[in-house]
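Read through the structure below, which is laid out as structure tokens, and then see the notes.
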Amino acid sequence: MTPSSGARPAAAPAAAPARPPRRDWLLRLTLVAAVLGAVLTVLEGALRSGFGPYATVLGLPASAYYQVLIPLLALVALAGSLILDKQPLVGLLLLIGGTMLVLPGGGYLIPAAVLGGAWAAWRHSAARTALGLVLLIPGVVAGYYGLAAAVARISGSALPGLPPSLSPPTHWGQLTMPLAMLLVAWLGAVLLMSRESPAA
């Protein structure tokens, strides 16, 4: 039997809604590192006590820095890792800024900042430029102080403009970190000069 001319064709099944794209493994690892680093940073700040009446950190009373500002900055860094895939530039600035400001309270957020910076530089050109500047400027300044302190160490006389701890340095180990920052400055320059489009 042939179907009647008035029969309607069967409706096509409705297409299933598209699933949102999943975070890649580097972004997920960044988020895990940020959560763990934020928890450890807050715990260390809460456990610190016995500050002197005149103890300061970054120009703030030490108790206020460790017990009030540290938790807030850890949350800022964590928020940056959470929005990194949606707003790479803003997320990167929050993550790196929060990490740098909590360094006196511990470097637990450094792995998250490194992983997040690598992901953002790979995916987003504006974030790559911002990361290059963040690495280049402090790297050049610290590297300059390291080279000047090395000259002061060799000559045995203090040079004007050096920090008191490096004027002159008492041993070569003091110059390890400032001179290593030259590599950081070089990496920042490489990121700024890179013209390849980020991966899709």
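The values are calculated or read from the model by the stated rules, or taken from the named source; none is laboratory data. If you're wondering where the values come from, they're calculated on a predicted model, not measured in any experiment. Cβ sites come from the backbone with ideal geometry, for glycine too, and all protein chains shown count toward neighbours. Note: accessible area is taken over every heavy atom of the protein model, side chains too, but ligands, DNA and RNA are not part of it. Shrake-Rupley method; radii C 1.70, N 1.55, O 1.52, S 1.80 Å.
Condition check: part of a loop (DSSP other than H, G, I, E, B), modelled with pLDDT under 55, charged (D, E, K, R) and farther than 14 Å from Ala77 by Cβ. Does Arg22 satisfy that? The answer is yes for Arg22.
List every residue pair whose Cβ atoms lie under 7 Å apart, where the two residues are 6 or more positions apart in sequence or sit on different chains, the first residue falls within the stretch 110-121 and is touching a residue at least 12 places away in the same chain (Cβ under 8 Å) and more than 12 Å from Val134 (Cα to Cα), and the second residue, located anywhere, is surrounded by fewer than 24 Cβ atoms within 10 Å (Cβ to Cβ) and of a type in the set (Asp, Glu). Taking only residues 6 or more apart or on different chains, not a single pair turns up. Of the residues examined, Gly98 is not one that is within 27 Å of Met193 (Cβ to Cβ), modelled with pLDDT of 85 or more and open to solvent by less than 20 Å² (accessible area, probe 1.4 Å). Looking for whichever is open to solvent by 40 Å² or more (accessible area, probe 1.4 Å), in contact (Cβ under 8 Å) with a residue 12 or more places away in the chain and under 15 Å from the mean Cα position of the chain (by Cα) here; the options are Leu187, Leu92, Leu192. Which one fits? Of Leu187, Leu92, Leu192, the one residue that is open to solvent by 40 Å² or more (accessible area, probe 1.4 Å), in contact (Cβ under 8 Å) with a residue 12 or more places away in the chain and under 15 Å from the mean Cα position of the chain (by Cα) is Leu187.
For the stretch 93-141, the tally of residues that are closer than 19 Å to Glu44 by Cα and either among the basic types (Lys, Arg) or not in a helix (DSSP H, G or I) (or both) stands at 5. Inspect the stretch 63-80 for any residue being crowded, with 17+ Cβ neighbours inside 10 Å, in contact with a strand residue (DSSP E or B) (Cβ under 6 Å, 6 or more places away or on another chain) and farther than 23 Å from Ala185 by Cβ and give the result as yes or no. The answer is yes, given that some residue of the stretch 63-80 is crowded, with 17+ Cβ neighbours inside 10 Å, in contact with a strand residue (DSSP E or B) (Cβ under 6 Å, 6 or more places away or on another chain) and farther than 23 Å from Ala185 by Cβ.
The C-beta contact set for the stretch 27-39 (first residue more than 16 Å from Ile96 (Cβ to Cβ), second residue open to solvent by 20 Å² or more (accessible area, probe 1.4 Å), distance under 7 angstrom, 6+ apart or interchain) comprises Leu29/Leu115; Val35/Leu78.
When the stretch 148-177 is filtered for residues that are modelled with pLDDT of 80 or more and either surrounded by 14 or more Cβ atoms within 10 Å (Cβ to Cβ) or at positive phi (or both), the ones remaining, listed by number, are Ala148, Ala149, Ala150.
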